[in-house]
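Inspection log for the structure reproduced underneath, given as structure tokens.
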Amino acid sequence: DRQTLVAVLQFLRRSNLRESEEILRREARLLGDDLGGNVATVATSSPGVAAVAAVPPGKGEVRGDCGVGPSCRRDPREVGSPVLLAVSGALRYAGTQESVPGAVVVEDQPDVSAVLSAYNQQGDPTLYEEYYSGLKHFIECSLDCHRAELSQLFYPLFVHMYLELVYNQHESEAKSFFERFHGDQECYYQDDLRVLSSLTKKEHMKGNETMLDFRTSKFVLRISRDSYQLLKRHLQEKQNNQIWNIVQEHLYIDIFDGMPRSKQQIDAMVGSLAGEAKREANKAKVFFGLLKEPEFDVPLDDEDEEGENEEGKPKKKKPKKDNVGSKSKKQDPNAPPQNRIPLPELKDSDKLDKVMNMKEAARRVRLGPECLPSICFYTFLNAYQGLTAVDITDDSSMIVGGFADSTVRVWSVTPKKLRSVKTAADLSLIDKESDDVLERIMDEKTASELKILYGHSGPVYGTSFSPDRNYLLSCSEDGTVRLWSLQTFTCLVGYKGHNYPVWDTQFSPYGYYFVSGGHDRVARLWATDHYQPLRIFAGHLADVTCTRFHPNSNYIATGSADRTIRLWDVLNGNCVRIFTGHKGPIHSLAFSPNGRFLATGATDGRVLLWDIGHGLMVGELKGHTDTVYALRFSRDGEILASGSMDNTVRLWDAVKAFEDLETDDFTTATGHINLPENSQDLLLGTYMTKSTPVVHLHFTRRNLLLAAGAYSSQ
């Protein structure tokens with residue numbers, strides 16, 4: 001569109017970005033001074049820059065993104081057409097990835113009017129139903145092998161055609177279009193369609209986030225070359241430009257060579273807000289191996305020789321090594337370099353704790369199908385304050401609850417009571433050289449089983465103990481994350497960065513770092529001694545509902561209400577994996593102890609298993625009938641425990657689930673996954689509570705399973 005192009009060139013000239021202007025001119029072959037005064041300047045209604053230019057690509061090719069917004073990327077097939085991307089922070093020229101100085105974009109939200117104006121290409125509104133039913137007829141009459149793949153087009157085309165009708169104020173046509181075709185969409189889009197049905201006027205579209213996301217992020221479809229050629233031929237023969245425009249403008253078709261996928265294979269992977277992940281998204285190398293344990297001398301007695309094999313384990317919520325791996329001192333070939341990210345030094349108290357951990361590990365029960373763990377359930381009775389979060393320390397000595405009345409309550413679950421440090425005046429009287437100085441600084445008068453921490457001004461949605469048990473994190477609806485001292489039971493810091501509710505927070509397995517995720521759709525990485533975040537992980541299209549550190553602390557997994565899971569690299573903030581397949585918001589994540597696999601649970605009641613190295617779904621565990629809120633692997637990774645709102649804890653055979661995985665290059669390249677239908681073979685046991693949803697699970701160092709939840713009396 002020449003007009004847009006000239007407008008952008010004018011904008012660049014006004015902003016003194018001569019270099020970019022020249023490059024764009026050369027690429028667009030607009031030489032000489034074409035910027036007459038005959039073109040209106042670009043009007044943007046937000047302080048953000050919302051000018052975007054794209055040169056039309058070669059005929060009949062799938063176009064790369066040219067939306068405005070954080071998700072702008074280029075299609076690798078589009079050669080030589082520059083796209084100016086307005087990305088928060090700087091204007092970047094996608095042809096050369098050169099950052100343009102001085103052009104700072106103030107808002108990271110896409111400019112609403114610019115985003116919506118893309119719906120201005122008006123076709124004849126009365127023909128929309130005809131176009132859609134024509135395509136529907138064509139797809140339903142095509143061969144079985146293509147039908148499943150091409151059926152993926154129904155949903156994104158339906159949404160975009162409906163929105164185009166609404167935007168151009170053809171309200172009655174839009175209503176009839178919606179009523180006629182919404183029943184054809186897959187069941188897992190029901191929630192999105194409910195939101196869509198409430199958008200009946202142009203004004204409604206302005207403030208609707210779901211709408212904006214759909215418009216700015218390209219819906220990704222993975223289709224084989226044969227099916228794509230079939231579709232292209234049909235649309236060109238029928239001169240069906242309206243649909244072809246939408247395909248080019250709003251969809252990203254990821255074409256692969258090879259057999260088309262079956263309905264079952266496609267159903268396993270689709271269902272997220274923006275379609276599937278592009279195959280490119282899961283190609284980056286991930287160091288999923290474990291870091292080598294620091295060596296230190298431990299005086300071992302005879303009975304602890306076994307413990308020596310278990311070369312010191314870090315104390316942490318997640319177990320660290322499977323017994324096989326721990327016997328060798330060799331570096332794991334898939335592990336990140338030891339100094340890839342700076343990790344805190346071990347203190348003397350940490351070393352003592354490691355020794356304790358090794359002694360416990362020596363007495364650990366080896367679990368398996370023949371030897372299931374005992375489960376100890378902590379029920380919160382009379383929790384009329386509304387239990388919203390639970391965590392248990394690695395050594396299983398304390399349990400914390402976050403409540404809807406904005407309190408954080410810490411209990412001791414051992415006979416040892418919780419005590420605070422004495423006052424400054426009393427501390428000055430203590431002989432600092434005495435052997436039991438750590439005992440003496442504690443004030444016996446404060447000993448109690450329960451401590452209540454006040455400070456938040458909204459429900460507390462996430463809690464996390466530090467590995468050394470000196471600190472506790474809590475995050476809340478009030479937009480803050482608080483760090484509490486477990487020595488004084490007072491709040492040390494309030495971290496303000498999220499402007500909206502914070503749904504989850506977790507300490508790194510090595511302490512010092514922690515992650516938080518919230519309603520503002522980003523996850524943030526913090527260090528306890530910085531009041532600003534170190535990294536901001538942006539990319540999800542809806543709330544970040546849960547966060548987890550990888551056992552080697554180099555990666556963070558986030559689950560979101562956009563129904564995807566992303567894996568982020570702590571070092572550079574890049575997204576290195578995008579997993580799609582859940583049909584509802586994600587609420588639980590768990591890494592296997594060896595760092596190779598990830599288990600995820602969502603409102604759809606399914607637990608999905610992922611191979612991190614290959615970036616593939618490798619299993620699906622069906623059984624729960626409600627949201628899966630808790631997932632945990634046993635200390636050596638033989639068993640996966642899942643807890644749900646359906647009041648059950650289920651135990652799954654993790655060894656069997658991950659054995660003989662077929663991850664050949666073809667599968668990795670095309671995403672042809674064949675999930676075995678073996679949920680029933682893998683399910684080792686189901687344990688009902690009377691009426692208590694399970695919100696947290698934890699394996700003790702000896703592999704006893706602890707579960708927690710609040711009794712609900714309905």
Local electrostatic count, P373, Cβ distance below 13 Å [Lys/Arg +1, Asp/Glu -1]: +3
Mean Cβ neighbour count within 10 Å, used as a protection proxy, ranking 159-168, 426-435 highest first: 159-168, 426-435
Accessible surface of region 125-276 [probe 1.4 Å, protein heavy atoms]: carbon and sulfur percent: 48
For region 499-552 versus region 403-432, the gap between their alpha-carbon centres in whole angstrom: 27
N678 paired with K690, simple spin-label distance in nm, labels 7 Å along Cα-to-beta-carbon: 3.9
Projected label distance in nm at D529 and R363, using a 7 Å step from Cα toward the beta-carbon: 3.7
Base-10 log of normalised Debye intensity for region 125-276 (one unit scatterer per alpha-carbon) at q = 0.15, 0.19 Å⁻¹: -0.77, -1.26
Out-of-range pairs (alpha-carbon distance over 26 Å; input K292/K354; K416/K690; K622/K690): K416/K690
Among 280-287, 410-417, 616-623, the order from most to least packed when residues are scored by Cβ within 10 Å on average: 616-623, 280-287, 410-417
Whole-number percent relative contact order across region 125-276, with pairs defined as alpha carbons under 8 Å at least 6 apart: 31
Net charge over other residues, Cβ less than 12 angstrom from the Cβ of Y687 (K, R count +1; D, E count -1): +1
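Rolling a 1.4 Å sphere over the protein heavy atoms, what is the accessible area per residue of region 502-559, to the nearest Å²? All intermediate terms of the calculation are to be shown ahead of the outcome.
Details: 1500 Å² over 58 residues.
Ligands and nucleic acids excluded, the figure is 26 Å² per residue.
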Accessible solvent surface per residue of region 125-276, calculated while the other protein chains remain in place, 1.4 angstrom probe, Å²: 41
Length released on extending from K656 to D348, taking residue separation times 0.36 nm less the Cα-Cα span: 106.9 nm
Given K232/K263; K201/K278; K218/K496; K136/K218, the pairs whose alpha carbons are separated by over 23 Å: K201/K278; K218/K496
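Give me the net charge for the shell around Y188: Cβ to Cβ below 12 angstrom, other residues only, Lys and Arg +1, Asp and Glu -1.
Summing Lys/Arg as +1 and Asp/Glu as -1 gives -2.
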In range of the label at S713: residues from region 375-403 whose backbone nitrogen is under 16 Å from the point 7 Å along Cα→Cβ: 380-387
Relative packing of peptides 520-526, 180-186 - highest average C-beta neighbours within 10 Å first: 520-526, 180-186
Fully extended contour minus Cα-Cα distance, from E280 to D184, at 0.36 nm per residue: 31.5 nm
Share of carbon and sulfur in the accessible heavy-atom surface of region 552-701 [1.4 Å probe, %]: 48
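The values are calculated or read from the model by the stated rules, or taken from the named source; none is laboratory data. Predicted model only: the values in this text are computed from it and were never measured. Cβ coordinates were reconstructed from backbone atoms using ideal geometry, including for glycine residues, and neighbour counts include every protein chain displayed. With ligands, DNA and RNA removed, areas are computed over all heavy atoms of the protein, side chains included. Shrake-Rupley method; radii C 1.70, N 1.55, O 1.52, S 1.80 Å.
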